[in-house]
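Colleague: This structure is in structure tokens; I'll ask about it shortly.
The values are calculated or read from the model by the stated rules, or taken from the named source; none is laboratory data. None of these values were measured; they are calculated from a predicted model. Cβ: placed from backbone, ideal geometry, glycine included. Neighbour counts: every protein chain shown. Note: accessible area is taken over every heavy atom of the protein model, side chains too, but ligands, DNA and RNA are not part of it. Shrake-Rupley method; radii C 1.70, N 1.55, O 1.52, S 1.80 Å.
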Amino acid sequence: MGKLVTLPSASIDWYYLGFEDEEAEYAQGRDHETRHSVGARLWGKTGGWDYNLEALYQWGRFGGGHIGAWTVASDIGYTWNEVRSYLRVGLRADIASGDRDPNDADLETFNPLFPRGNYFNELANLGPRNFYDVHPFLTLEVLEPLTLTADWNFYWRQSVEDGIYGPSGNLIRLPEGSRSRYVGSAISLTADWQINRHLNLTTIYAHFFPGSFLRETGSAEPIDFIELTLSFTF
């Protein structure tokens, strides 16, 4: 990984990652996977605007077939700064390829390799494979120690021939039984209070609304998540 160039209001990173898994599992099946990834990220600020853009391509072998997968991710926002508070409105939009034909040997499902568990929200019920999403969010600092964040993520399948996956890459649902792309949406509310220099209190509530793909292929119950964390820093 390295920094290619620095612009007056932007920076660019480029990277290569190699990966191998002897028992990789996808909707297509389980087999030996060797994957190569090359990508670039552009980020920066100008005026009140900030942006973070990334694109990545993958190739390699899955069993006897070839891998050809990709992803594009974006995070763009605008911040209004005041003397004792600020407001940021942002939009994340991402897409990652899914397998086009589970009956051939080739694999087009993107592998995020080692994503964080709460990639989309604190529920951590979906992973970034075979998807596209639109994710508006708002962050408000009411007073200096208190920050409030609200966001709503809408999630679809990129390919109707592929299933959906968890954050660790585990296969959650096969594609059989539905041609729908819409998987669901999740709303999340977060309050972060820096009580003093040592104590921080974080409260999170999230709710998942199942979409047509889940309802047509099996269990589709809503999910609620509540988190209350008190941390002490020396």
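Colleague: Taking the options 153, 130, name whichever one is closer than 15 Å to residue 189 by Cβ, modelled with pLDDT of 95 or more and either of a type in the set (Ser, Thr, Tyr) or in contact with a strand residue (DSSP E or B) (Cβ under 9 Å, 6 or more places away or on another chain) (or both).
Modeller: 153
Yes or no, residue by residue, for (1) in contact with a His (Cβ under 8 Å, 6 or more places away or on another chain); (2) open to solvent by less than 50 Å² (accessible area, probe 1.4 Å); (3) at pLDDT 95 or above; (4) closer than 19 Å to residue 139 by Cβ:
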| position | (1), (2), (3), (4) |
| --- | --- |
| 191 | no, yes, yes, yes |
| 198 | no, no, no, no |
| 213 | no, yes, yes, no |
| 227 | no, no, yes, yes |
| 234 | yes, no, no, no |
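Colleague: Can you tell me which residue among 169, 177 is in a loop (DSSP other than H, G, I, E, B), open to solvent by 20 Å² or more (accessible area, probe 1.4 Å) and not aliphatic (A, V, I, L, M)?
Modeller: Going through 169, 177 in turn, just one is in a loop (DSSP other than H, G, I, E, B), open to solvent by 20 Å² or more (accessible area, probe 1.4 Å) and not aliphatic (A, V, I, L, M): 177.
Colleague: On to the next question. Hey, residue 182 hits all of (1) in contact with a helix residue (DSSP H, G or I) (Cβ under 6 Å, 6 or more places away or on another chain); (2) open to solvent by less than 60 Å² (accessible area, probe 1.4 Å) but one; which does it fall short on?
Modeller: Checking residue 182 against (1) in contact with a helix residue (DSSP H, G or I) (Cβ under 6 Å, 6 or more places away or on another chain); (2) open to solvent by less than 60 Å² (accessible area, probe 1.4 Å), the one that fails is (2).
Colleague: A further question on this structure: Of the conditions (1) at pLDDT 95 or above; (2) in contact with an Asp or Glu (Cβ under 6 Å, 6 or more places away or on another chain), residue 91 fails just one. Which one is it?
Modeller: Condition (2) is where residue 91 drops out.
Colleague: For the stretch 176-190, name all the residues that are under 29 Å from residue 101 (Cα atoms), among the polar types (S, T, N, Q) and under 16 Å from the mean Cα position of the chain (by Cα).
Modeller: Within the stretch 176-190, just 185 meets the criteria.
Colleague: Would you check which residues across the stretch 1-23 are exposed (fewer than 11 other Cβ atoms within 10 Å of the Cβ) and either acidic (Asp, Glu) or modelled with pLDDT of 95 or more (or both) and list them?
Modeller: Hits for the stretch 1-23 are 16, 18, 22, 23.
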